[in-house]
1. State the number of residues belonging to segment 114-166 that are more than 23 Å from Val90 (Cα to Cα) and assigned to a helix (DSSP H, G or I).
2. Can you say whether Ser107 is modelled with pLDDT of 95 or more, small (Gly, Ala, Ser) and part of a loop (DSSP other than H, G, I, E, B), as far as the supplied structure shows?
3. Those residues that are crowded, with 17+ Cβ neighbours inside 10 Å and within 10 Å of Glu113 (Cβ to Cβ), I need them from segment 21-32; list them, please.
4. Might you let me know whether segment 39-48 holds any residue that is part of a loop (DSSP other than H, G, I, E, B), over 26 Å from Cys9 (Cα atoms) and either without any contact (Cβ under 8 Å) to a residue 12 or more places away in the chain or touching an Asp or Glu at 6+ places or on another chain (Cβ under 8 Å) (or both)?
5. Name the residues in segment 50-82 that are in a helix (DSSP H, G or I), aromatic (Phe, Trp, Tyr) and buried (at least 16 other Cβ atoms within 10 Å of the Cβ), would you?
6. Name the residue that is modelled with the lowest pLDDT, counting only residues in segment 140-197 that are under 30 Å from Asp74 (Cβ atoms) and among the hydroxyl-bearing types (Ser, Thr, Tyr).
7. Report yes if Leu100 is under 30 Å from Ser150 (Cα atoms) and either over 17 Å from the mean Cα position of the chain (by Cα) or assigned to a helix (DSSP H, G or I) (or both), otherwise no.
8. Would you mind finding the one in Leu138, Leu149 that is surrounded by 14 or more Cβ atoms within 10 Å (Cβ to Cβ) and without any contact (Cβ under 8 Å) to a residue 24 or more places away in the chain?
Amino acid sequence: MKNKPKIICITGGIGAGKSTIARLFNKYFGVPVYNADEEAKNIMYQPDVKEKLTSIFGKEAYHGNSLNTKYIADIVFNDKEMLKKLEKVVHPRVEKHFKLWYKKQMSPYVILENAILFKSKMDGLCDKIIWIEAPEELRIKRVMARNNLSREKIKERIKNQPDKNLYQEKVDYLIVNDDSIEKMLNEITTLHNLFTK
């Protein structure tokens with residue numbers, strides 16, 4: 001019987017560049033990547049989930065068949081109880097979906113990319129955890145480029161997110177994603193060699 005692949009988890013704050021690092025592992029070493037945030041969005045389109053979220057957030061939660069991400073994000077950002085309700089619906093389904101995906105993988109290790117790794121309690125699945133960091137100004141620029149959010153809103157979100165210090169004891173490796181690809185590739189290669197030993 002083959003050994004199960006190790007689960008290497010990637011996490012970090014908004015705009016830190018988690019997906020870039022995950023993509024580099026995939027591009028250069030063919031490592032399968034599971035993006036929990038993307039899968040959570042897909043799960044929110046499942047009929048039973050759609051029904052539950054509509055009953056929690058109202059009909060505005062969806063525009064026809066499209067998830068009204070901004071509407072939901074604005075509510076949960078300002079209301080912790082509503083956030084808990086959302087998480088209660090989505091988190092268990094993401095974990096279940098990941099476990100099914102993981103069973104099919106044949107590589108020495110897989111990457112689980114999850115922005116809310118500790119909050120969703122999926123850190124319990126990880127063999128090793130990589131924390132991704134980036135200078136704040138660069139994080140703001142990245143988020144502004146991809147989301148229709150103001151600088152103030154992004155700064156507010158960064159401020160409200162837990163930082164590495166809170167999870168210091170749980171994190172095994174740190175990568176600073178400051179867009180210097182060569183440096184990051186060296187770090188990733190070193191980690192890849194460790195994970196495939």
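1. 21
2. Yes.
3. In the first step, residues of segment 21-32 are kept if they are crowded, with 17+ Cβ neighbours inside 10 Å; the result is 21-22, 24-25, 29, 31-32.
Scanning segment 21-32 gives Ile21, Ala22, Phe25.
4. no
5. Once the filter is applied, which keeps residues that are in a helix (DSSP H, G or I), aromatic (Phe, Trp, Tyr) and buried (at least 16 other Cβ atoms within 10 Å of the Cβ), segment 50-82 yields only Phe57.
6. Out of the qualifying residues, it is Tyr167.
7. Numbers: under 30 Å from Ser150 (Cα atoms): no; either over 17 Å from the mean Cα position of the chain (by Cα) or assigned to a helix (DSSP H, G or I) (or both): yes.
No; evaluated as a whole, the condition is false for this residue.
8. On the way: Leu138 fails: without any contact (Cβ under 8 Å) to a residue 24 or more places away in the chain.
Of the residues listed, the single one that is surrounded by 14 or more Cβ atoms within 10 Å (Cβ to Cβ) and without any contact (Cβ under 8 Å) to a residue 24 or more places away in the chain is Leu149.
The values are calculated or read from the model by the stated rules, or taken from the named source; none is laboratory data. Quantities reported herein were computed from a predicted structural model and do not represent experimental measurements. Heads up, the Cβs are rebuilt from the backbone with ideal geometry, glycines too, and the neighbour counts pull from every protein chain shown.
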